[in-house]
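Heads up: the structure comes next, in structure tokens.
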Amino acid sequence: MKNNKQASHSPKDILDELRELVAEAEKMVGDSAAEGSEEIVGALRQRYAAAQERLGDMYQSARKKVTEGAKYTDEAIRENPYQSVAVALGVGLLAGVLLGRSSK
């Protein structure tokens with residue numbers, strides 16, 4: 001399936017495709033006596049495998065980005081510890097003020 005990869009799909013596209021796959025599978029179960037069901041099952045399995053592969057690729061990509069972001073953040077905090085504490089204090093103060101205003 002990797003040879004005929006399409007352009008990257010959004011999670012919504014993949015979920016829509018999986019919903020279509022489930023609908024076709026339910027239809028096939030309803031028409032279990034229909035001829036050619038083996039070809040339909042084969043096609044459904046191929047589509048499922050392709051969707052599963054795309055989801056796996058998206059997971060690996062997201063995991064890599066999160067790891068890189070965490071490493072960058074760690075380096076930035078270690079290089080500038082006082083500035084990092086000041087920024088965290090400012091964000092906490094701002095959040096406290098905003099939450100305090102909305103609860104009154």
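The values are calculated or read from the model by the stated rules, or taken from the named source; none is laboratory data. Being a predicted model, the structure only gives us computed values, none of them experimental. Don't worry about glycine lacking a Cβ; one is built from the backbone with ideal geometry, like all the others, and counts go over all protein chains shown.
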Would you confirm whether or not the stretch 77-90 contains a residue that is modelled with pLDDT under 80 and not charged (D, E, K, R)? no
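From the list Arg47, Arg63, Arg54, exactly one residue is farther than 19 Å from Arg19 by Cα and either at pLDDT 80 or above or touching a Lys or Arg at 6+ places or on another chain (Cβ under 8 Å) (or both). Which is it?
Values: Arg47 fails: farther than 19 Å from Arg19 by Cα; Arg54 fails: farther than 19 Å from Arg19 by Cα.
Exactly one of Arg47, Arg63, Arg54 is farther than 19 Å from Arg19 by Cα and either at pLDDT 80 or above or touching a Lys or Arg at 6+ places or on another chain (Cβ under 8 Å) (or both), namely Arg63.
Going by what's in this entry, would Val22 be described as in a helix (DSSP H, G or I), out of contact with any Leu (no Cβ under 7 Å at 6 or more places or on another chain) and modelled with pLDDT under 90? Can you show your working first?
Values: in a helix (DSSP H, G or I): yes; out of contact with any Leu (no Cβ under 7 Å at 6 or more places or on another chain): yes; modelled with pLDDT under 90: yes.
For Val22, the condition - in a helix (DSSP H, G or I), out of contact with any Leu (no Cβ under 7 Å at 6 or more places or on another chain) and modelled with pLDDT under 90 - is met.
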Long-range neighbours under 8 Å by Cβ, at least six apart or interchain, first residue among the polar types (S, T, N, Q) within the stretch 39-62, second not in a helix (DSSP H, G or I): Gln46/Met1
